[in-house]
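To start, the structure itself, in structure tokens.
Readers should treat all values here as calculations from the given coordinates under stated rules, not as data from a laboratory. All of these numbers come straight from a predicted model, not from anything done at the bench. Note: ideal-geometry Cβ built from the backbone for every residue, glycine included; neighbour counts use all protein chains shown.
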Ligand code: SF4
């Protein structure tokens, strides 16, 4: 059994807790007792936050639309396609024909890298996220 | 955010969660705290039970109402008038903090002139709040020693959202209630890393730490660090602007990471058309959301439990999460996916892990300068600004002076909501969150317990209105606005005032954003999710 520190994926309180891991599966949570934010407490969302992690609906493979249908593809295929289409549109219609939505659900490092990609490679400032909402 | 940044120089929560314990008075407006921020909600309740006062402004009888010293149910969308009225009384009664106003702020004369017109009588007509009650609220707030204003999306999701926030900032400065422990203005962020996404430059006009893309010094610094030239120095489009441009056909491709605008955004019929109009759509997510189902390429991402990284909570605390299990199948961390694209596109991205990315953020972002992985793993996070590795982090903002120097009074006139009820669409529909679900439900609806507690969408209607329309609890009703219609069950309850309906946006089977208005605040471009006009009828 292992206990791995994490931060609740739900609201902006940012409660901290440990994920309890058995044989590669998250089986529960333990709130972190000495964290100044939640002091050992969690709400119902936090207590149950791990359940969706092992949901059978999780996406496991890249999907690519072919003849109108989303079908499974490889990472190389998917990433090459994303690059060539975005570069193609930038070159034919200009940088401002592209839009990038960051996420209030992913980490700081990921948001940083995403906005860097948009601004450096595609030279667009069309970068936003859903915080306005 | 735009409103608070204009007044104080920083858009973030001024205080910390721990300071809630010592406040003498909470002034809560537009936040259903126990549902949206449960742990902060319980801090407030505990403080009130120890004797702190609570003034609550909410048209609905939300759970906090039973703990309120004073609960005022203003008419929908009249917050600017309400707050101007409170300031009118404070100035009339000479309860403002003259020393603070003189020493730390600018623009008082204009404020005084404007709020002079908002006499209790005028305000009563607009807001429906009796002068005597407004008076009580004004005196209680002004005379409290440690008073905290708390607000959330009930304030910002209006056409006048930025004005609402500026007006709250005016009130706090007028009474000297910013810049001390347990005293300030506190926007509560909805999602777990909204604060971080903003801090990291996930906004059109700024790089990390709110350094402007139009500021030549900032551009030079980022160009040097990123070994690139010719960065775009014009501000870009907001999400609302992007949807508009996609509709018109000028925006041709979108890359959406971990968001589901097809359920969360206003007027989703419009969003659906906009997204379908794109030549190319990439969506990166953990589930096949409604938005992902429209994509040309869907990239499977790791969930929070499967990756390392930092998140910034509503009180500016940056905290580190570790990976507990590997991602399912071939799913990858978002940073790995983006790094893979960067290297394909000739942008060096040989990061060994998120810690390397954080080093880059530290070097480029003064407020995150001292927030390193080694410090984070040794403690319980660090609150920015934290400029260097010896800095302990900042518990509350604007201590001696405001981030921008002097605080600016930015007086605003009351403007009615974009859509007000008329003979045909005779109800105001307002939307929000409930305790057991979260956002568009892609995560919480897959959690059994939460789904059992709150399995279906309901629309709340006042008993008097319900009686007139022959609607009983659990009847299926249809709501119709100028943009679309949905069906869901009714809950007859005095929680909502007459002529107001309330529902949530967690449920895709009754997507309330088919009805909502995409009319938006001209500055922050936050859509008016909090209100639109609808009619309601019982389905036969
Ligand atoms: S445990 Fe509850 S209060 Fe804490 S961050 Fe998660 S959702 Fe918010």
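Among A:114, B:414, A:100, sorting on how many other beta-carbon atoms sit within 10 Å of each Cβ, with the fewest leading, yields B:414, A:100, A:114. Compute the angle between helix A:75-93 and the longest alpha-carbon principal axis of chain A, please, reported from 0 to 90 degrees and rounded to the nearest 10. The helix A:75-93 is inclined about 50 degrees to chain A.
Quick one: if you stick a label point 7 Å off each Cα along the C-beta vector at residue A:71 and residue B:277, how many nm between them? With each label placed 7 Å out from Cα toward Cβ, I get 3.1 nm. Counting Cβ atoms of other protein chains within 10 Å of each residue's Cβ and taking the mean over peptide B:327-340 gives 6.
With a 10 Å cut-off around each Cβ of B:376-385, the average count of Cβ atoms from other chains is 2. Of all DSSP bridge pairs formed entirely within segment B:2-188, close to 5 percent run antiparallel. Helical runs assigned H by DSSP (4 residues or longer) give chain B a calculated mean residue ellipticity at 222 nm of -9000 deg cm²/dmol, each run adding -39500 (n - 2.57) before division by the residue total. Peptides B:143-155, B:93-105, B:397-409 ranked from most to least packed by the mean count of surrounding Cβ atoms within 10 Å: B:143-155, B:397-409, B:93-105. Going from the fewest other Cβ atoms within 10 Å to the most, the residues B:279, B:215 appear in the order B:215, B:279.
The calculated FRET efficiency for residue A:60 paired with residue B:498, based on their beta-carbon distance and R0 = 60 Å, is about 0.75. Reported to the nearest whole Å, the Cα centre-to-centre distance from segment A:24-54 to segment B:31-72 is 24. Placing dummy labels 7 Å off each Cα toward the beta-carbon, the span from residue B:212 to residue B:399 is 2.8 nm. Alpha carbon centre of segment A:60-101 versus segment B:311-345: separation in Å? The distance from the Cα centre of segment A:60-101 to that of segment B:311-345 comes to 20 Å. Most tightly packed first, judged by the mean number of other beta-carbon atoms within 10 Å of their residues, the peptides B:71-78, A:83-90 read B:71-78, A:83-90. For residue B:352 and residue A:92, what does the FRET efficiency come to when R0 = 41 Å and r is the distance between their Cβ atoms, rounded to the nearest 0.05? Taking R0 as 41 Å, the efficiency between residue B:352 and residue A:92 is 0.70. For an R0 of 25 angstrom, estimate the FRET efficiency from the Cβ-Cβ distance between residue B:46 and residue A:34 and round to the nearest 0.05. Between residue B:46 and residue A:34 the formula returns 0.85.
Residues of segment B:285-326 with an amide N closer than 16 Å to a point placed 7 Å from the Cα of residue B:378 along the Cα-to-Cβ direction: B:320.
Cβ-to-Cβ counts within 10 Å put B:532, A:43 in ascending order as A:43, B:532, the fewest first.
Peptide B:312-321 shows a mean partner chain C-beta count of 6 within 10 Å per residue C-beta.
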